[in-house]
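Heads up: the structure comes next, in structure tokens.
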Amino acid sequence: TSCAPMLGSRRAASAARRLARGCASGAELSRFVGARSEYTPELRYLYPHADAVPPAFPCFRLIDDNGVPVEGAALPDIAPAVMRRMQQTMVKVSEFDKVFNEAQRQGRLSFYFTNRGEEACSVGSGAALRDDDWVWPQYRELGATFWRGYTIEEAANQCCHNELDATKGRQLPMHIGSPEKHLMYVKSNLGQQVPAANGAAYAMKLQRKGRCSITYFGEGCASEGDIPSALNIASVHGCPTIFFCRNNGYAISTNASEQYSSDGVAPRGFAYGMPTIRVDGNDLLAVYAATAAARAIGTEQGRPTLVEAMTYRVGAHSTSDDDSKYREPSAPEEGWDDERSYWEARSPIVRFGRYLHQRGCFSGADEERMRRALRKEAIAALSAAEEAGRPSPHHLFTDVWDVEPPALQQQRAALQEHMARHPAAYDKFPSFSSQ
């Protein structure tokens with residue numbers, strides 16, 4: 001890997017110094033937008049008061065961009081069938097994204113955001129948890145959600161806001177969840193899930209059943225005031241919380257260089273007194289191993305952890321975003337048309353697929369068949385979800401108050417009277433009394 005960066009941002013000087021140190025040591029350097037540092041095959045959490053703060057947190061990985069185990073890598077012991085399921089789940093996310101992002105562009109959905117390039121973060125971490133550990137997502141955790149058994153049909157119903165939607169039409173598309181599967185619902189207000197995850201983690205600590213809580217957030221969300229508060233609370237009270245930061249280089253309308261000038265987000269975990277690691281978030285095996293280790297620290301040592309997963313957001317932030325306004329135009333190495341094409345060639349699906357192929361348990365033909373079947377399933381689920389009836393207006397007033405206050409009763413009566421006066425405008429909705 002060349003040590004000559006193609007940098008054109010405010011963080012050029014500090015990144016250049018880090019790269020220079022890496023070149024001098026002969027180590028290969030990561031080229032993620034959010035932070036650049038030396039790769040290491042050593043699965044090691046740095047502990048405050050025991051380890052020194054490094055000039056740049058090393059980036060843990062086990063397989064390289066070609067899916068070849070790196071020298072010194074201790075690969076996790078995962079059965080071939082489980083690894084195939086991990087790959088299938090990433091492909092399922094990819095195909096669902098394609099179908100439903102296209103549907104939004106066709107005017108069939110109000111909103112959508114993809115997981116492109118970040119599939120290993122959610123699938124690898126989700127697979128390392130117990131099914132009764134609580135997941136507090138941000139919004140690119142569709143892989144962890146599918147891993148828990150949430151179906152394509154359930155996701156389609158939620159996106160289309162039909163009568164089968166568990167959120168009863170009251171959430172934006174892809175704001176999914178399942179209490180039965182220990183998946184908290186996605187919420188739009190940024191960062192709220194992070195401190196809330198501590199409450200779940202502390203409750204599980206008191207129950208002494210060896211469970212933990214994981215919460216996801218991006219490097220942009222890390223600028224919210226909720227995050228330092230959550231880190232401090234977890235550290236002081238010994239909550240078994242895994243703080244999983246997906247550092248994909250870009251928040252909405254914002255390059256990482258406008259979020260911080262430090263060495264990524266990892267130093268914040270160290271500063272708040274918790275074991276911390278930086279991991280190659282495009283390496284499914286490294287994410288799995290790092291999360292499994294974080295889970296052990298939480299349940300056995302009674303401590304929170306911070307995992308900074310370095311990855312790359314291939315798509316726009318959402319269908320409401322024009323990422324050409326703030327994305328770096330140049331690739332981090334010569335020989336590529338742009339930054340996006342450089343990282344698409346290193347996607348988690350491509351990378352882990354190569355690893356499985358080398359082990360003889362997956363092939364290009366397998367992936368092709370898998371993609372065709374999953375795309376067909378996603379299209380069928382979308383069509384069926386569009387045909388289902390709409391949720392009752394009754395649900396605009398449910399699930400908040402045990403006994404409705406007078407003001408809410410008045411609003412219900414006013415809406416019911418309005419719909420009765422304008423039946424043609426609401427002919428696609430069920431009757432107000434339908435529940």
- Please quote Rg/Rh for the range 388-435 to two decimal places, taking the Kirkwood radius as Rh and restricting both calculations to Cα atoms. 0.99
- Note on the structure: The rounded separation in angstrom of the Cα centers of the range 26-63 and the range 157-208 is 32
- Query: Relative to the first principal axis of the alpha-carbon coordinates of the chain, what is the inclination of helix 226-237, with its axis defined by its Cα atoms, in degrees from 0 to 90 and to the nearest 10?
  - Reply: 70
- Query: Hey, if you drop one equal point scatterer on each alpha-carbon of the range 89-149 and run the Debye formula without solvent, what base-10 log of I(q)/I(0) do you get at q = 0.13, 0.26, 0.28 Å⁻¹?
  - Reply: -0.35, -1.04, -1.13
- Message: Show me, for the range 73-87, the HN-Hα J-couplings you get by feeding each phi into the Karplus relation (A = 6.51, B = -1.76, C = 1.60, θ = phi - 60°), rounded to Hz, glycine and proline as x.
- Response: 6, 9, 6, x, 7, 10, 4, x, 5, 5, 5, 5, 5, 4, 5
- Can you work out ³J(HN,Hα) from phi for every residue in the range 34-46, in order, using Karplus 6.51 cos²θ - 1.76 cosθ + 1.60 and θ = phi - 60°, giving whole Hz and x for Gly and Pro? x, 5, 10, 7, 6, 7, 9, x, 8, 7, 9, 7, 8
- Message: Springs between alpha-carbon pairs under 10 angstrom, Gaussian network model over the chain: which of ALA128, ALA420, ALA103 fluctuates most?
- Response: ALA420
- Just round it to a whole percent: the fraction of Cα-Cα distances in the range 297-430 exceeding 22 Å. 72
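Calculate, for the chain, the solvent-accessible area per residue in square angstrom, rolling a 1.4 angstrom probe over the heavy atoms of the protein chains.
Numbers: 18500 Å² over 435 residues.
Spelled out: the 1.4 Å probe surface of the chain, per residue, equals 43 Å².
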- For the chain, compute the number of Lys pairs whose alpha carbons are separated by less than 27 Å, excluding pairs fewer than 8 positions apart on the same chain. 18
- Just ALA365, ALA331, ALA73 to compare: in a GNM of the chain, with alpha carbon springs under 10 Å, which one fluctuates most? ALA365
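Could you compute Rg(Cα) / (2.2 N^0.38 Å) for the chain, with N its residue count?
Values: Rg = 22.6 Å, N = 435, 2.2 N^0.38 = 22.1 Å.
Taking the Cα Rg and dividing by 2.2 N^0.38 Å, one obtains 1.02.
Give the carbon-plus-sulfur fraction of the accessible surface of the range 27-142 in %, rounded to a whole number; probe 1.4 Å, heavy atoms of protein chains only. Each step should come with its number before you reach the end.
Details: 2120 of 4410 Å².
Result for the range 27-142: 48 percent of the exposed heavy-atom area is carbon or sulfur.
When N counts the residues of the range 201-325, how does its alpha-carbon radius of gyration compare numerically with 2.2 N^0.38 Å, as a ratio? Kindly include the intermediate steps, with their values, before the conclusion.
Details: Rg = 15.1 Å, N = 125, 2.2 N^0.38 = 13.8 Å.
Compared with the compact-globule rule of thumb, the range 201-325 sits at 1.09.
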- Query: Tell me, what ³J(HN,Hα) does each residue in the range 197-213 have, in order and in whole Hz, if you take phi through Karplus 6.51 cos²θ - 1.76 cosθ + 1.60 with θ = phi - 60° and put x for Gly and Pro?
  - Reply: 4, 5, x, 5, 5, 5, 4, 5, 4, 5, 6, 6, 10, x, 10, 9, 10
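Which loop-located trypsin sites (Lys or Arg not before Pro) does the range 332-435 contain, where loop means any DSSP state but H, G, I, E or B and the Cβ has at most 12 other Cβ atoms within 10 Å? It would help to have the intermediate numbers written out before the result.
Values: sites: ARG340, ARG346, ARG351, ARG354, ARG359, ARG369, ARG371, ARG372, ARG375, LYS376, ARG412, ARG421, LYS428; in loops: ARG346, ARG359, LYS428.
Filter output for the range 332-435: ARG359, LYS428.
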- Task: Return the long-range amide H neighbours of CYS59 (sequence gap of 5 or more, or a different chain), with a cut-off of under 5 Å between placed amide H atoms.
- Result: GLU38, TYR39, THR40
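The values are calculated or read from the model by the stated rules, or taken from the named source; none is laboratory data. Computed from a predicted model, the values in this text were never measured in an experiment. Reconstructed Cβ throughout: ideal geometry from the backbone, glycine too, with neighbour counts over all protein chains shown. Accessible surface areas use protein heavy atoms only, side chains included; no ligands, DNA or RNA. Shrake-Rupley method; radii C 1.70, N 1.55, O 1.52, S 1.80 Å.
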